[in-house]
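Following this message is one structure expressed as structure tokens.
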Amino acid sequence: MKAFVIEQAGTPDALKLRDIPSVQPSDDEVRIRVRALGLNRAETYLRAGKMGPITAPRVPGIEAVGEVIHDPSGTFRTGQRVATAMGGMQFARNGSYAEEVTVLRSNVISLDGSTLSWEELAALPEAYLTVWGALDKSLAIEPGQTLLVRGATSSVGLAALTYAKARGLKVIATTRSADKIQRLREMGADEVVVDNGSIAEHVRQLVPQGVDAVLEVVGAATLRDSLKTVRPFGAVSVIGLLGGAPILEQLHLMQDLPSAVKLNFFGSGLLGTPDMPLKDSPLLWIAKEVEAGRIPSIRTKTFDFEQIPDAHRLMESDGALGKLVVKL
């Protein structure tokens, strides 16, 4: 089968199209024909050597949608439409930048009942499963609450905005560029704040008592400021590192962490583990909501398989304004 392989760290040109062997599934795995896949910053970090040295050829990619080729257990039938995300892809096993991928069965989700196109389905798994984990599991969101999404023009930020609106929340979205305000309003944001690095006062003017929850996509660079926007017994969940290294120096527990505000980091590596079984995920419901037009699509551009290096260049230019996908 054909796959993009990283043989040494470097620029997008380090992605080399190669013929590699298919991997037969073991008892706890499923082999999938990849029809489309979403692209993620984690793959650019791997390619650039920011996730450790490349000591052996690596196939990147942490999500895909497609059809089951073989499931030894019979849990998934041959030809069944499915999604997969995480489960060690691109780290402990070959990733999804390939015509086929063999993954842990625990990281496969049935898409039976959805007629959404492959490219639209490919925009969903990693972004929306991460949002599900952060919003439902970490922040325990409820209809009627107010959520601040800091870094809302990223693909996962847009997923959080659209999912929270579908769940009945009021959403305040941030962007560093006034040019993106209209985009966020079109996606459903109730309020949009242009982020200059210090927005707590502005948010408090909009919600004097403080927001119920914050999804922090920017990371350590804005976390102290985000904490100031939250009401007592509210919560902040960090899921992104758009602002740089994940290091918060000299955190003052009494001055920087407001009284009774909860803080956590949600990593999508939990997806498919016993703590977050994917059979409980709302991914199929989300697909049907997108199909019905009740959740707007976050997909902004589709590439052909051979164009993956070009897609990496676009991701690194910060010009995507949403989810980039690849259709095979």
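So what's the range 62-208 giving for Cα Rg divided by 2.2 N^0.38 Å, two decimals? Each step should come with its number before you reach the end.
Values: Rg = 18.2 Å, N = 147, 2.2 N^0.38 = 14.7 Å.
So the range 62-208 has a normalised radius of gyration of 1.24.
Which of these, A164, A260, A122, has the largest mean-square fluctuation under a Gaussian network model of the chain (Cα springs below 10 Å)?
Between A164, A260, A122, it is A260 that shows the largest mean-square fluctuation.
Work out the length of the dipole vector of the range 83-233 about its Cα centre, built from +1 on the beta-carbon of each Lys and Arg and -1 on the beta-carbon of each Asp and Glu, and round it to the nearest 20 debye.
Working: 15 positive and 17 negative charges, 100 e Å.
About 480 debye.
Another question about this same structure. So if I place +1 on the C-beta of Lys and Arg and -1 on the C-beta of Asp and Glu, and nothing else carries charge, what would the dipole magnitude of the chain be about its Cα centre? I want it in debye, nearest 20.
Values: 36 positive and 38 negative charges, 55 e Å.
Result for the chain is approximately 260 debye, rounded to the nearest 20.
Full-extension gain between A92 and L253, please, as 0.36 nm times their residue separation minus the C-alpha to C-alpha distance. Intermediate values should be presented prior to the final figure.
Values: separation 161, 0.36 × 161 = 57.96 nm, distance 3.66 nm.
Full extension of this stretch gives 54.3 nm more.
Which entry in (i) 58, 41, 36; (ii) 52, 41, 40; (iii) 58, 50, 42 is this structure's computed Cα extents along the principal axes in Å?
(i)
Determine which lysines satisfy two conditions relative to K50: a Cα distance under 22 Å, and not lying fewer than 8 residues away in the same chain.
Qualifying lysines at Cα under 22 Å: K16, K323.
Restricting to the range 17-174, what percent of DSSP beta bridges are antiparallel, rounded to 5? Let's see the in-between values first.
Working: 18 of 24 bridges.
So the antiparallel bridges amount to about 75 percent of the total.
Please give the calculated 222 nm ellipticity per residue for the chain, where each DSSP H segment of at least 4 residues contributes -39500 (n - 2.57) and the sum is spread over every residue; nearest 500 deg cm²/dmol? The partial results should precede the final answer.
Values: 9 runs with 71 residues, N = 328.
Computed mean residue ellipticity for the chain: -6000 deg cm²/dmol.
Let me ask another. Give the angle, between 0 and 90 degrees and rounded to the nearest 10, that separates the Cα long axis of helix 155-166 from the longest principal axis of the Cα atoms of the chain.
Rounded to the nearest ten degrees, it is 70.
Choose one answer from E216, E291, E201: the residue with the largest mean-square fluctuation in a GNM of the chain with alpha-carbon springs under 10 Å.
It is E201.
Under 17 Å from the 7 Å Cα→Cβ point of K2, by amide nitrogen: which residues of the range 310-328?
Residues 310-312, 326-328 fall inside that zone.
Mind checking the log10 I(q)/I(0) for the range 126-269 at q = 0.11, 0.16 Å⁻¹? Debye, one equal scatterer per Cα, no solvent, two decimals.
Cα-only, vacuum Debye calculation for the range 126-269: -0.33, -0.74.
Kirkwood hydrodynamic radius (Cα pairs, Å) of the range 40-112? Don't skip to the answer; put the middle values down first.
On the way: mean 1/r = 0.0774 Å⁻¹.
Every distinct Cα pair counted, the radius reaches 12.9 Å.
When DSSP beta bridges are limited to those with both residues in the chain, what percentage is antiparallel, rounded to the nearest 5? Mind showing how you got there, number by number?
On the way: 28 of 56 bridges.
Roughly 50 percent of the beta bridges in the chain run antiparallel, per DSSP.
On to the next question. Hand me the trypsin sites (Lys or Arg not before Pro) from the range 229-328 located in a DSSP loop with no more than 16 other Cβ atoms within 10 Å, in residue order please. Working shown, then result.
Working: sites: K262, K279, K288, R294, R299, K301, R313, K323, K327; in loops: R294.
Loop-located and lightly packed - R294.
Read-outs throughout are calculated quantities, based only on the coordinates presented, and are distinct from any laboratory measurement. Remember, predicted model here, so these are calculated numbers, not experimental data. A quick note on method: Cβ atoms are made from the backbone with ideal geometry, for glycine too, and the neighbour counts reach across all protein chains shown.
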